[in-house]
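The values are calculated or read from the model by the stated rules, or taken from the named source; none is laboratory data. Because the structure is predicted, anything quoted here is derived from the model rather than measured. Positions of Cβ are generated from backbone atoms using ideal geometry, with glycine treated the same way; all protein chains shown enter the neighbour counts.
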Amino acid sequence: MTSLRANRVIAPLAVVIVLGAVYALTTFGRSATLGAGRQVPPPRSAAATSVMRACPSPGLASSAATDVALIAAPATAGRGQAEVSRLAGAAGTTPLHSMTSPGQLSIATVRAARTVHRAAAAPASGLPVPTVTAQGGVVVQASGSMARGLEVEQIAGGIPSARCESPGTDFWFAGPGQHGLARIQLYLLNPGSQPADANVEVFTDAGPLQGNPDTGISVAPHSMVVQSLTVALRGSRALALHVRTSVGQVVAAVQETTRAGGSGAWLPVAQTPATQVVLPGLPAAAGTRQLFVAVPGTADAHLKLIAVTARGSYPPTGGTGLDIPGGSAAAIVLPSLSGIPAALKLSANVPITASVMLTGGSPGAPGVFTAASLPLQEQGVVAYDRVGGGMASQLVLSAPGRAVTARITEIGVPGAARPPQIVQISAGHSVLAPLGRAGGSGRKAAFSVTITPLAGSGPLYAGRVIIGSGTGGKVKSLLPVDSALTMVPLPHVQDTFITSVP
């Protein structure tokens with residue numbers, strides 16, 4: 001009986017104490033902490049809703065017309081729009097084309113601008129590197145369903161010449177030096193509405209270019225400037241360029257030309273330096289393979305090469321015992337890989353990046369290029385592919401680590417619908433996957449391709465090749481395939497949070 005009475009007294013008293021504590025917290029501290037309980041897991045990703053790309057070649061005064069090919073793949077529900085606009089300096093941008101159909105290849109033709117806009121050029125630097133405002137360049141702004149899985153490429157003469165990149169603060173390039181070239185030009189595009197300032201570091205086979213870094217290259221909003229590096233790099237046989245911004249964002253692009261009047265080649269953007277990089281997409285076509293390696297640090301690099309081929313992985317002839325001085329770039333010829341579809345895996349004791357040049361390309365091009373790339377996340381998309389009219393197309397898929405199962409889907413190939421290909425790639429091997437239905441000899445056809453690594457796969461690297469059909473066909477185009485995300489990863493969120501009442 002006594003216990004029952006005690007409980008009747010204690011229970012109300014406990015309620016009063018708890019209410020008092022809550023009152024004290026809200027009155028004096030004005031804050032409360034919500035601790036552990038049943039946790040609602042935060043979303044790990046969200047649908048892409050806005051993507052921007054910029055292309056240097058369309059609208060250049062030196063070219064009559066250049067196409068921009070784009071696709072948002074696969075098709076997703078919801079409204080969306082992709083607008084192609086010309087950079088117009090102080091006037092902003094001039095809309096040219098608008099696309100609203102996800103899952104379909106769209107091609108926009110951009111003719112050279114008839115009027116030259118004026119924008120602020122870069123101030124003089126310590127290097128003999130003239131910087132002038134360039135006429136041309138377009139920006140692609142996609143939203144909604146047109147932003148998911150977006151890929152954009154610039155097309156010259158019906159052949160893809162380069163991937164159009166997103167604005168960023170850090171870009172790397174590696175390739176041939178001035179020896180044997182008529183022109184090396186660096187393009188800096190600012191597709192945004194805020195000014196940008198860029199710095200350029202240059203490394204050659206003779207070491208860092210004296211006077212580096214080239215600082216304070218101003219790029220006005222909605223404008224493009226071009227630097228001619230030919231004189232500064234005279235006599236060099238290998239180069240590496242590092243472009244980074246101190247203010248704003250840009251899209252950087254490098255064009256190399258062997259003769260006046262030629263369209264030349266655009267170097268692909270290389271992966272940020274790392275102690276291990278992979279270069280995908282070496283095709284089965286015969287011809288020279290020349291590797292360009294950049295070592296940006298001060299320590300020398302001890303380099304090891306592994307070729308990932310259809311017969312397995314092995315060090316190619318000339319790929320062992322390589323030492324490259326720090327702060328330099330080097331050219332390495334790999335004759336044993338002629339005609340062998342492969343990826344190259346490079347390992348070093350210090351961070352490096354690299355590209356490979358192969359025989360082929362458009363008139364005035366030193367060759368075609370692939371560069372150090374990251375493995376595909378979610379999917380890779382090829383915006384524009386070609387078969388027929390004497391051309392064939394193929395993918396070179398490589399699994400330098402664990403085995404990979406990949407799904408290849410062709411979008412827009414004429415004729416009956418073609419089911420996706422399921423490709424098995426053994427660990428440490430590469431696979432050649434032909435594309436298109438025309439077989440390289442029938443009616444010309446343009447289409448798009450998605451490459452999706454399936455669950456349980458290891459890292460997948462891909463390169464897309466367009467080649468002249470028949471024995472000994474010349475490589476027309478080579479592009480490493482990058483990820484084209486429909487879902488954007490979100491940062492990790494902690495379990496607990498604190499809320500404050502003002």
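Can you tell me which of Ala365, Ala403, Ala372, Ala383 is buried (at least 21 other Cβ atoms within 10 Å of the Cβ), of a type in the set (Gly, Ala, Ser) and under 21 Å from Pro459 (Cβ atoms)?
Values: Ala365 fails: under 21 Å from Pro459 (Cβ atoms); Ala403 fails: buried (at least 21 other Cβ atoms within 10 Å of the Cβ); Ala383 fails: under 21 Å from Pro459 (Cβ atoms).
None of the other options fit; the residue is Ala372.
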- Query: So, of the residues in the range 100-113 that are closer than 15 Å to Arg86 by Cα and of a type outside the set (Val, Ile, Thr), which turns out to be modelled with the lowest pLDDT?
  - Reply: Ala113
- Out of (1) surrounded by fewer than 24 Cβ atoms within 10 Å (Cβ to Cβ); (2) touching a His at 6+ places or on another chain (Cβ under 9 Å); (3) in a strand (DSSP E or B), the odd one out for Arg234 is which? (3)
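Quick check on this structure: which one of Thr288, Thr272, Thr258, Thr245 is closer than 21 Å to Leu374 by Cα, among the β-branched types (Val, Ile, Thr) and surrounded by fewer than 22 Cβ atoms within 10 Å (Cβ to Cβ)?
Numbers: Thr288 fails: closer than 21 Å to Leu374 by Cα; Thr258 fails: closer than 21 Å to Leu374 by Cα; Thr245 fails: closer than 21 Å to Leu374 by Cα.
Among Thr288, Thr272, Thr258, Thr245, only Thr272 is closer than 21 Å to Leu374 by Cα, among the β-branched types (Val, Ile, Thr) and surrounded by fewer than 22 Cβ atoms within 10 Å (Cβ to Cβ).
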- Task: Hey, can you tell me all the residues within the range 50-97 that are in contact (Cβ under 8 Å) with a residue 60 or more places away in the chain, over 22 Å from Pro221 (Cβ atoms) and of a type in the set (A, V, I, L, M, F, W, C)?
- Result: Ala69, Leu70, Ile71, Ala72, Ala73, Ala75, Ala77
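Being out of contact with any strand residue (DSSP E or B) (no Cβ under 8 Å at 6 or more places or on another chain), in the same structural domain as Arg79 (by TED's automatic domain parsing), at pLDDT below 95 and small (Gly, Ala, Ser): is that true of Gly157 here? Quick ask: steps written out before the conclusion?
Working: out of contact with any strand residue (DSSP E or B) (no Cβ under 8 Å at 6 or more places or on another chain): yes; in the same structural domain as Arg79 (by TED's automatic domain parsing): yes; at pLDDT below 95: yes; small (Gly, Ala, Ser): yes.
Against the criterion (out of contact with any strand residue (DSSP E or B) (no Cβ under 8 Å at 6 or more places or on another chain), in the same structural domain as Arg79 (by TED's automatic domain parsing), at pLDDT below 95 and small (Gly, Ala, Ser)), Gly157 qualifies.
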- Task: Please note which strands (runs of 3 or more DSSP E) are completely contained in the range 300-351 and include at least 1 residues that are buried (at least 23 other Cβ atoms within 10 Å of the Cβ) and assigned by TED's automatic domain parsing to the domain that holds Leu460.
- Result: 301-309, 328-333
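Have a look at Val200, Val225 and point out the one that is assigned by TED's automatic domain parsing to the domain that holds Pro325 and touching a Phe, Trp or Tyr at 6+ places or on another chain (Cβ under 8 Å). Break it down into steps so the answer makes sense when it comes.
Details: Val200 fails: touching a Phe, Trp or Tyr at 6+ places or on another chain (Cβ under 8 Å).
Being assigned by TED's automatic domain parsing to the domain that holds Pro325 and touching a Phe, Trp or Tyr at 6+ places or on another chain (Cβ under 8 Å) holds for just one of Val200, Val225, which is Val225.
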